[in-house]
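I have placed the structure first, in the form of structure tokens, so that the comments after it can refer back to it.
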Amino acid sequence: MASENSIVINGNQFSFAPGDTILEVAHRNSIDIPTLCYLKGATPTGACRMCVVEVKGARSLVASCAAPTAPNMIVQTETAKVVEARRMVLQLLLSSGNHNCAVCGSTADNWTEFQLKVQQAEEGTELCPVWGDCRLQDLAFRYQVTGERFEATETPYPMETANPFIMRDFSRCIQCGRCVQACNEVQVNQAINFGFRGAATKIIAAGDRAYINSDCVFCGECVQACPVGALVEKDSRYEARPWETRKVRTTCSYCGVGCQLYLHVKDNQVVKVSGVEDVAPNFGSLCVKGRFGFDFIHSPDRLKTPMIKKNGSLREATWDEALDLVARKLGDIKSEHGSDSIGMLTSARISNEENYIAQKFVRAVLETNNVDHCARL
């Protein structure tokens with residue numbers, strides 16, 4: 001009975017459940033099969049062909065992300081034939097567009113010329129904004145390939161910089177379709193899809209409009225799903241490299257759902273926010289507020305000292321002076337009009353711990369339940 005529900009991968013036998021793909025069984029058992037287009041939770045397409053494996057008896061290599069398991073299947077994940085196929089896929093991708101991911105070519109002159117061309121296209125002097133955090137770059141290093149084998153293909157579409165949250169760099173898009181699936185199958189916003197045909201193919205919003213004029217709600221699901229530098233958060237672009245930041249897990253305070261997120265912190269400042277994947281309740285997804293609404297944290301307009309209004313104008317005060325005044329005023333109102341005459345609005349722009357203290361103060365000290373949460377961005 002066991003053999004009817006097991007397959008052999010790289011000489012080792014593993015059990016599987018009905019509906020499992022080869023990739024799922026492999027990943028579950030810590031066998032690394034590289035992917036580019038595969039997005040967990042979405043319909044597998046097998047489009048990029050990076051996850052191909054050799055299956056005994058099959059006439060050609062099989063895309064493991066879309067291939068269902070079968071009893072007594074024998075799979076090899078890193079044969080010479082598999083490696084050569086993956087290398088060719090990477091070479092084709094690297095030859096298309098501006099992938100200056102430090103996979104040097106055969107001569108320094110060619111590499112310098114290419115870098116200068118990319119910098120001119122981006123009007124900047126930096127390497128790719130996701131350098132060090134790019135799946136294509138990782139695989140190019142792993143399989144030791146460059147884009148020189150095939151003639152370079154230019155991208156006919158300029159970078160889209162119009163919207164306030166997301167930069168779209170078509171020259172770095174590998175058309176893996178992860179952003180489309182993230183939008184249509186995960187968030188179900190139906191804002192983007194593949195458009196045009198052949199060499200003119202690109203990811204478009206309805207009517208080939210810019211994101212800012214489309215049905216996009218700027219949740220950023222597509223940005224988190226993008227494995228390369230085609231979709232990048234506008235404000236955090238070039239702000240920090242992965243090794244310069246530390247990730248702090250916290251709970252989004254904008255509403256009561258409790259979405260889990262990572263704050264990417266550099267020099268004690270938040271430079272980026274991403275969703276925590278594989279964890280309830282959001283499983284990596286965030287709304288526009290949770291992903292992009294963090295600029296206020298380090299805003300120079302934030303108050304740094306308490307303010308007291310006197311004769312119609314505000315003046316700075318000490319903490320002791322401000323707290324004594326608030327305590328006296330609240331005490332007088334409570335004594336004269338009762339606890340229910342007082343209410344408090346807490347803020348989505350303070351921490352969950354501070355919001356907890358605020359509601360505890362209202363209920364335990366002021367003795368009222370008139371406390372609410374303001375989540376305006």
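The values are calculated or read from the model by the stated rules, or taken from the named source; none is laboratory data. Just so it is clear, the model here is predicted, and its values are computed rather than measured. Virtual Cβ from ideal backbone geometry, glycine too; neighbours counted across all protein chains shown.
When restricted to residues that are in contact with a Ser or Thr (Cβ under 9 Å, 6 or more places away or on another chain) and loosely packed, with under 14 Cβ neighbours inside 10 Å, the stretch 187-207 contains 3.
Do the conditions hold for Val82, that is, is it modelled with pLDDT of 90 or more and not in a loop (DSSP other than H, G, I, E, B)? Steps first, answer last, please.
Numbers: modelled with pLDDT of 90 or more: yes; not in a loop (DSSP other than H, G, I, E, B): yes.
Judged against the criteria, Val82 is a match.
Go through the stretch 238-254 and give me each residue that's more than 15 Å from Phe294 (Cβ to Cβ) and in a loop (DSSP other than H, G, I, E, B). Show your work before the answer.
Initial filter on the stretch 238-254 (more than 15 Å from Phe294 (Cβ to Cβ)): 238, 241-244, 246.
Passing the criteria: Tyr238, Arg241.
Out of the stretch 326-373, which residues are of a type in the set (Val, Ile, Thr), exposed (fewer than 13 other Cβ atoms within 10 Å of the Cβ) and touching a Ser or Thr at 6+ places or on another chain (Cβ under 9 Å)? Correct list: Ile350 only.
The residues in the stretch 229-261 that are closer than 26 Å to Asn355 by Cβ and of a type in the set (Lys, Arg) can be counted, and the count is 3. Every condition in (1) closer than 29 Å to His373 by Cβ; (2) of a type in the set (Gly, Ala, Ser); (3) in contact with a Leu (Cβ under 7 Å, 6 or more places away or on another chain) is met by Ala225 except one, and the failing one is (1). Any chance the stretch 208-217 includes a residue that's surrounded by 21 or more Cβ atoms within 10 Å (Cβ to Cβ), in contact with a helix residue (DSSP H, G or I) (Cβ under 6 Å, 6 or more places away or on another chain) and over 23 Å from Pro34 (Cβ atoms)? No.
Of the residues Ser341, Ser335, Ser274, which single one is of a type in the set (S, T, N, Q), in contact (Cβ under 8 Å) with a residue 40 or more places away in the chain and not assigned by TED's automatic domain parsing to the domain that holds Ala42?
Numbers: Ser341 fails: in contact (Cβ under 8 Å) with a residue 40 or more places away in the chain; Ser335 fails: in contact (Cβ under 8 Å) with a residue 40 or more places away in the chain.
Criteria check complete, one pass: Ser274.
Out of the stretch 139-191, which residues are part of a helix (DSSP H, G or I) and either in contact with a strand residue (DSSP E or B) (Cβ under 8 Å, 6 or more places away or on another chain) or within 18 Å of Arg291 (Cα to Cα) (or both)? If the condition is that a residue be part of a helix (DSSP H, G or I) and either in contact with a strand residue (DSSP E or B) (Cβ under 8 Å, 6 or more places away or on another chain) or within 18 Å of Arg291 (Cα to Cα) (or both), then Phe170, Cys179, Val180, Ala182, Cys183, Asn184, Val186 are the ones that fit. The listed residues are Cys219, Cys255, Cys176, and the only one of them that is closer than 28 Å to Leu92 by Cα and not acidic (Asp, Glu) turns out to be Cys176. Of the candidates Leu314, Leu323, Leu286, the single residue that is in contact with a Ser or Thr (Cβ under 9 Å, 6 or more places away or on another chain) and of a type outside the set (S, T, N, Q) is Leu286.
Kindly provide the set of residues from the stretch 318-347 that are out of contact with any Leu (no Cβ under 8 Å at 6 or more places or on another chain) and outside any helix (DSSP H, G or I), ordered by number. Write out each step before concluding.
The first filter runs over the stretch 318-347 and keeps only residues out of contact with any Leu (no Cβ under 8 Å at 6 or more places or on another chain), leaving 318-329, 331-333, 335-338, 340-341, 343, 345-347.
The answer is Thr318, Gly338, Gly343, Leu345, Thr346, Ser347.
Scoring Arg315 on the criteria (1) among the basic types (Lys, Arg); (2) over 30 Å from Val223 (Cα atoms); (3) in contact with a Gly (Cβ under 8 Å, 6 or more places away or on another chain) leaves a single failure, condition (3). Residue count for the stretch 21-39 under the criterion of being surrounded by 17 or more Cβ atoms within 10 Å (Cβ to Cβ) and either of a type in the set (Ser, Thr, Tyr) or in a loop (DSSP other than H, G, I, E, B) (or both): the result is 9. Considered as a group, the residues in the stretch 45-72 that are at pLDDT 95 or above and closer than 23 Å to Phe283 by Cα include one that is surrounded by the most Cβ atoms within 10 Å (Cβ to Cβ), and that residue is Cys65.
Any idea how many residues of the stretch 363-377 are under 15 Å from Leu330 (Cβ atoms) and either at pLDDT below 95 or part of a loop (DSSP other than H, G, I, E, B) (or both)?
Residues of the stretch 363-377 that are under 15 Å from Leu330 (Cβ atoms), as a first pass: 363-368, 370-371.
Checking which are either at pLDDT below 95 or part of a loop (DSSP other than H, G, I, E, B) (or both) leaves us with 365-368, 370-371.
Summing the residues that are under 15 Å from Leu330 (Cβ atoms) and either at pLDDT below 95 or part of a loop (DSSP other than H, G, I, E, B) (or both) in the stretch 363-377 gives 6.
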